[in-house]
Every structure is written in C-alpha cells, then in structure tokens.
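Reading through the structure tokens given below for one structure.
The values are calculated or read from the model by the stated rules, or taken from the named source; none is laboratory data. Worth saying up front: this structure is predicted, and the values here are computed from it rather than measured. So basically every Cβ, Gly included, is an ideal-geometry build from the backbone, and we count neighbours across all protein chains shown.
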C-alpha cells in the first residue's frame, strides 16, 4: 500500500454505516459528547492519554484534528449511535505500516454505552474498510493488560490473541504490559463467508 493512497482516502474521509451506527469525521460540534467520556478517569485508565481537563481543551483538540484530516494524517471516525443521535466514541486506525500492508486499530466508547455491542460493531466496519478498500493484509489491535474487556471486543470481531509484550510501552511514566490481537485478510474473508452462509434466505 502506498502512502499516497492514505492521503487520498483520509483527506476526504468517507462515512461508514452499520445497522445502528454512522461513522463520520469528527467535528468541533462533537465537543460536548466527546468531553462526557474523555474527561473520565475510568475511560482513560487503559489509554495512552490523560482525561481532558475541561470542555475548552476538547474543543481545541477537535479544531486541531480538522487540520490533521485535511492533510490526510488522521484516521479516526466519530461513532454516532443513531437511535440516540449521539456521538458516543471513536474508532479507526492508529497507524499504518505501508511496506507490510498492515495497520493498527483502536477505539474508545462512552461507558454509558458499554455492553451494547457498539464497539464491536464499529470495529467490524472499520476492519471491513481496511480489508476491502485499503487492501490490507493484516489488522492488529493492542490493549493494556488488565483491560480484558477490550480483548473480548477484539475476539468477538474475529481477532486472534497473540500474546503479551512485557513492559512493552512506557505510558504516563510507567512501563505497561501490552496485549496484541490480530486478524488476516484471508481470515476475515472466511469469517464473512461463514456469516453470509448463516443469513436466512428471503
């Protein structure tokens, strides 16, 4: 995969749809919805960033992302839960290894919407985009040990747990052990074929 492809795709981020979700570009108007979860320590406990101190910080961050989108250098979608019309989190790619046709995905979700399968639904749609549109060979995701809830989301989406990287990252001044899971393009296609074969015929 060429870097030019990333610029072409992500400088004009397409909307992605599922049965319940719209995945779209983040906007400054999402400041209130984002601040609701980004300010919570229980949300950021297993993430690389600290809670947002106030809504002005969230607004400035979203303004900054506008420029990153324009340059094709930001790969996250806002996750809008359509039954409520609310932006409840983000999901997207955190990095690409163009030489190996691989990428890492990540997500965060408002705790008020945990337990509804939303993170998995968003992750599945982003992975489909990666394999279908970007022609990726491998997609992986990482989690800090202790956040097995996130691993379960990955596994339900079809990823295979590969193991832990002991003290694999320095986050917020401490070394943390990081778990990794992945799915390959052929595994994703097989999973999709199995799901389609199970769908009832009209």
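Go through region 154-185 and give me each residue that's part of a helix (DSSP H, G or I), surrounded by fewer than 21 Cβ atoms within 10 Å (Cβ to Cβ) and in contact with a strand residue (DSSP E or B) (Cβ under 8 Å, 6 or more places away or on another chain).
Of everything in region 154-185, those that are part of a helix (DSSP H, G or I), surrounded by fewer than 21 Cβ atoms within 10 Å (Cβ to Cβ) and in contact with a strand residue (DSSP E or B) (Cβ under 8 Å, 6 or more places away or on another chain) turn out to be 155, 185.
If you take the residues of region 45-60 that are without any contact (Cβ under 8 Å) to a residue 24 or more places away in the chain and assigned to a helix (DSSP H, G or I), which of them is nearest to residue 175 (Cα to Cα)?
57
Could you go through region 36-44 and let me know if any residue there is modelled with pLDDT of 95 or more and outside any helix (DSSP H, G or I).
Among the residues of region 36-44, at least one is modelled with pLDDT of 95 or more and outside any helix (DSSP H, G or I), which makes the answer yes.
Only one residue in 95, 102 is more than 15 Å from residue 16 (Cβ to Cβ), surrounded by 15 or more Cβ atoms within 10 Å (Cβ to Cβ) and either modelled with pLDDT under 95 or touching a strand residue (DSSP E or B) at 6+ places or on another chain (Cβ under 7 Å) (or both). Which one?
Unique residue meeting the criteria: 102.
Please specify each residue of region 63-85 satisfying the condition of being surrounded by fewer than 17 Cβ atoms within 10 Å (Cβ to Cβ) and either closer than 30 Å to residue 117 by Cβ or over 17 Å from the mean Cα position of the chain (by Cα) (or both).
Scanning region 63-85 gives 63, 64, 66, 67, 68, 70, 71, 82, 83, 84, 85.
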